[in-house]
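Data first, discussion second: the structure below is written as structure tokens.
We did not get these values from a lab; they are worked out from the coordinates using the rules stated. What you see is a predicted model; the values in this text were computed from it and never measured. Cβ: placed from backbone, ideal geometry, glycine included. Neighbour counts: every protein chain shown.
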Amino acid sequence: MAERHEVYLSLGANLGDRLDQLRQALNHLRAWGSVEKTSPCYETKPVGFMDQPDFLNLACLFTTQLSPDDLLKNLKLIEQQMGRQFSFRNAPRPIDIDILLFDDLVLDSVELTIPHARMSERAFVLAPLADIAPEAIHPVLRRTVRELLERADLQGIQPFLQTEVVESFYLETRDRLFFSVKGLEHPPDRWISVLRYAPDPQGNRIRNGQSYRRFYSFSEQEQFIRANCPQYLAYDPFFQTTLQSVPRFLALRIHDPRQRLKELKQATGSKKIEKDAAALASLLKNEAGVPWPCLGISGSLLIGLDTDSSDLDISVFGEQNCYQVYRALRKLLDDRSCAELNRLDDQGMDELYAERSTDTRMDLEDFISLECRKVNQGRFRSRTYFIRFIREAHEAEEGIYGRLSYTQLGRAEISAVVADDRGAIFTPCRYIVSKARGPVGQELADLTEIVSFRGRFCEQVQAGESIEASGMLELVQNNRGRSWQRLLLGNSTEDKMVLRRK
């Protein structure tokens, strides 16, 4: 039997339906071998001849029995069949397919050079290749793809978005920071997000041979950013405050929770935590009757920075899907019909309190009385889980950036009655309140809602309950002239929301 070769290919297109052209080319390749892996797509500026559309680029791992010369002939045939015309160097084209690496072969002939002569200089080649083969070694330069990418000029290349970037997505920046996306509304040039992981030789998280540290509190995050990378802080004119955010041109990769779950479902030889995450997602899908594409895996497992003791972070997208999963999850917990799924026990509550109390101050009695009622957190196969319920951007008024503007009025302590808790399960969560009063009993008639972008305030209180809360009082104005006030929770260690003691 002929030897089977591992080949890394680069595919690019900038004419016609670029994404469909790439898909067609991958299908053509399957006539002569197997497409084992494909990277996400990147949108890149043209090189050389600039008066042409931007390119979409991806990389794939292709296994074949063809020799290098025979493979090159077939790649040229695919290009011709898909309409490529060779007019001049760097001309626009419906498809371009290059051989980057062929096993560990080094070849320099009139027709073909392997490794590709310019791959080490081209970020649009290296970025997608690093997604599927970061440790592959350039047989001439003796450097890994990851090392070559770190030295490349990344100007003019960005991840290609096929979906909205919302809560629970992660952003990987060009300087190897990982940010967690917050909320549903984002300015056109940035994604509002918070720093979660940064390279650190003393860190206890490992990814692709690199050690990382995790950031837990906002103060810790902002202190690091101000000292090391202030480009990730920006004043926002609609929120009227300085926010952590990732400029779009600095985003190297977008990590989609739904894509990660899809990978875990198809994986063989998975780690135990990966199997547990896929099993929990499968349980929720089957019990709630929701489609797979509405479910995802977030947190450290999304970006490969998990440990043996990491939690399971499941994301559910779409309002109706969220309600279905929430009802199914509550029934499972109330009926105790799944032995692997349980609410947090006393030890779990103590551990959660120890983690949360560092930046959300609350006494243990209040904490347990509220947390023990929640459905969105518990234990599955002895691991702590957290379910994040997320509306699609078009399902929320704040989903369109600029539709609402916010003015901070100062910190406030209030009491109120929860009038509507239907938004309590979502991140961001929202509680409609009535009878709001200040600390000395003054009426706050304009204060109609309490909002938080932090999952810990989800399911905190229920409709009909009298509450006490402290946070940032804000004036909210929409683009139709309506205004009201809200209390924003989660940006200070002093923020809280508890049941009012009689």
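Given contacts defined as C-alpha pairs under 8 Å and at least six residues apart, what's the relative contact order of region 403-499, whole-number percent? Don't skip to the end; give the middle numbers.
Numbers: 252 pairs, mean separation 31.9, N = 97.
The normalised contact order for region 403-499 reaches 33 percent.
Placing +1 on each Lys and Arg Cβ and -1 on each Asp and Glu Cβ, with no other charges, gives region 138-194 a dipole about its Cα centre of roughly 380 debye. Only one residue of Asn204, Phe238, Phe179 has its Cα farthest out toward the positive end of the dipole of region 163-255, where Lys and Arg carry +1 and Asp and Glu -1 on Cβ, and that residue is Asn204. Note on the chain: with charges restricted to the Cβ of Lys and Arg (+1) and Asp and Glu (-1), its dipole about the Cα centre is near 380 debye.
Annotation: extensible slack from Asp104 through Arg480 equals 129.1 nm (criterion: 0.36 nm per residue apart, minus Cα-Cα distance).
Give, as ranges by residue number, the residues of region 285-326 whose backbone N falls under 14 Å from the point 7 Å along Cα→Cβ of Lys262. The answer is 292-297. Net charge dipole, region 403-499: roughly 360 debye, given to the nearest 20, about the Cα centre with Cβ charges of +1 for Lys and Arg and -1 for Asp and Glu.
On full extension, the segment bounded by Leu141 and Asp175 gains 10.0 nm, given 0.36 nm per residue less the C-alpha separation.
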